[in-house]
Protein chains: 2
Amino acid sequence: MPTPSRPRGPKPIRMDPDRILDAAQEVFARDGLRAASLRAIAKQAGCDPALIYYHFDSKEAMFTALLARRFPPILQELEVVAAPEDPRSTAFRLWEVVRIYHRHLKADPGIRSLIRGEIVHGAEGLSDLIAARLRPIVMAIRSILDQGIARGDLRADLHSLLATFFLARMQLEILDLLPTVLPRLMGLPHDQAVETGLRAWFDLYWRGVARDPLAPLPPLPELAADPLAIKETRP
Amino acid sequence: MPTPSRPRGPKPIRMDPDRILDAAQEVFARDGLRAASLRAIAKQAGCDPALIYYHFDSKEAMFTALLARRFPPILQELEVVAAPEDPRSTAFRLWEVVRIYHRHLKADPGIRSLIRGEIVHGAEGLSDLIAARLRPIVMAIRSILDQGIARGDLRADLHSLLATFFLARMQLEILDLLPTVLPRLMGLPHDQAVETGLRAWFDLYWRGVARDPLAPLPPLPELAADPLAIKETRP
DNA sequence: GCTCCAATTCAACGAATGTTGAATGATGGA
DNA sequence: TCCATCATTCAACATTCGTTGAATTGGAGC
């Protein structure tokens, strides 16, 4: 009788549930959200599929844990920018929103799929959970827009909820599509596609929401610049 | 031995392959693209799953047939609007693009999913096919923007390819999301969500691309208005 | 050193999926 | 009228999926 390749029982190195979530994130990025199976995730993590059920109640609970890990840091950063006391210009703050989104979502296509709602069909409870996580994020961005209207930086007739939807949603599309589309259609290097697309988008968006669309934008920091080192330089 | 519920052999009414495509479209709309199984489509069409394999080579071939049915009419209408001789204003023509998209895609979430690329993972050949169908559509819209730049209606520094991407992509999101999101967040009636969202989006977009963003938009026809009855009324 | 618990693996289940081959009845042409 | 072809159904296949129960082992605590 051949000995099994690996005996049962605990390994010398315990499997941290976070490592399973890391593996899930990688498989989502590689195979897409719907096609990511527990077996593929287990293989990526280097463990047995059944172990995932030891650490999480179900596949859906694993999604939930992924959400719980990703969303609070985003919300925390957004709430700093959305604080009514923030003295920086509305254009600068909105660009900060873009940068925060970019920083947290660029390396995680799986969470982008979750936000986009690709998993909504057939998992209604999960959909409610995502909506609950997303709502304060939307409200933080919206409050920046409302403050901008009140300060006279933005159009008085702006529909802040729809404008929030437009800003956040287009960024998801840019992060997912432009890195594969732009290099093929233009000669653009792969790693510049997102920066180019996001700046073009923000330029268009700002003219669309600003009270004075022809006034030049303030200098905007690069996407990947250190968030703490940035101070707005008023022209 | 019990007689089978329905004997074999051809039914009195033959199954038109188009009816199978209709059923597929309905199932896509109900269950989403990925969750739509051949058995569900066959049930919707009222036939056996194996019959689908008689009319189409595979599930992917059925997608292809769906594409072949949907895209040419869209392209044909777009090319009329994109003709360089078209004398109407750039704003009016771009709104016509929005209306054409809306008219053809509003009742077919499955085709929107295909356009959005949700099926890309795991079906690379299909992805190429969609790209080939999509390219002339993108180019038609882009040529309207390029003509608008040449006529002096749009900003000279506009990136027409990215602007095309922004316009067409956001419309997909609006068609899919706003009917479920807007009624819940605002008091908006379900059937007005898309019209409200698309007008707000076009208003923002136009300010973003126009050379003179503060000039008022011309009166734009309703989304569902008869395309042939519309003549631009210059103010 | 013994015991107990936590962590891990194995094997299997039931359901769903895309697909295929054989069987069967109707239809239309010779 | 007969026969070939077309359209349809049935039953089954192999595969994959999420999930579960039992078996196994290493280490911590006494």
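The values are calculated or read from the model by the stated rules, or taken from the named source; none is laboratory data. Quick caveat, the model's predicted, so the values are computed rather than measured. With ideal geometry, Cβ positions are generated from the backbone for all residues, glycine too; neighbour counts draw on all protein chains shown. Ligands, DNA and RNA are stripped out before the accessible areas are found, and what is left, the full protein with its side chains, is counted by its heavy atoms. Shrake-Rupley method; radii C 1.70, N 1.55, O 1.52, S 1.80 Å.
Using the Kirkwood radius over C-alpha pairs as Rh, can you work out the diffusion coefficient of chain B via Stokes-Einstein at 25 °C, viscosity 0.890 mPa s, in µm² per second?
The diffusion coefficient I find is 123 µm²/s.
Taking amide H atoms as placed 1.01 Å from N in the peptide plane, list the residues 5 or more away in sequence, or in a different chain, whose amide H sits under 5 Å from that of A:L154.
A:I149, A:R211
At the nearest 100 Å², what buried accessible area, both sides summed, do you get for B and A when the probe is 1.4 Å?
3300
Applying the Karplus parametrisation 6.51 cos²θ - 1.76 cosθ + 1.60 with θ = phi - 60° to the phi angles of the range B:130-137, what ³J(HN,Hα) value in whole Hz is obtained for each residue in order, glycine and proline being reported as x?
5, 4, 5, 6, 6, 4, x, 5
Distances from B:R151 to the same position in the other copies: list them in nm, one decimal, shortest first, using label points 7 Å from Cα along Cα→Cβ.
3.8
Could you tell me the accessible area of B:E96 in Å² (1.4 Å probe, neighbours in place), rounded to the nearest ten?
10
Quick one: compute the contact order of chain B, relative version, from alpha carbon pairs under 8 angstrom and 6+ residues apart, as a percent.
18 percent.
For the protein assembly as shown, which whole percent of the accessible surface, found with a 1.4 angstrom probe, sits on carbon and sulfur atoms?
The value for the protein assembly as shown is 56 percent carbon and sulfur by accessible area.
Rounded to the nearest whole Å², what accessible area per residue is found for the range A:12-56 with the 1.4 Å probe?
About 58 Å² of surface per residue is accessible.
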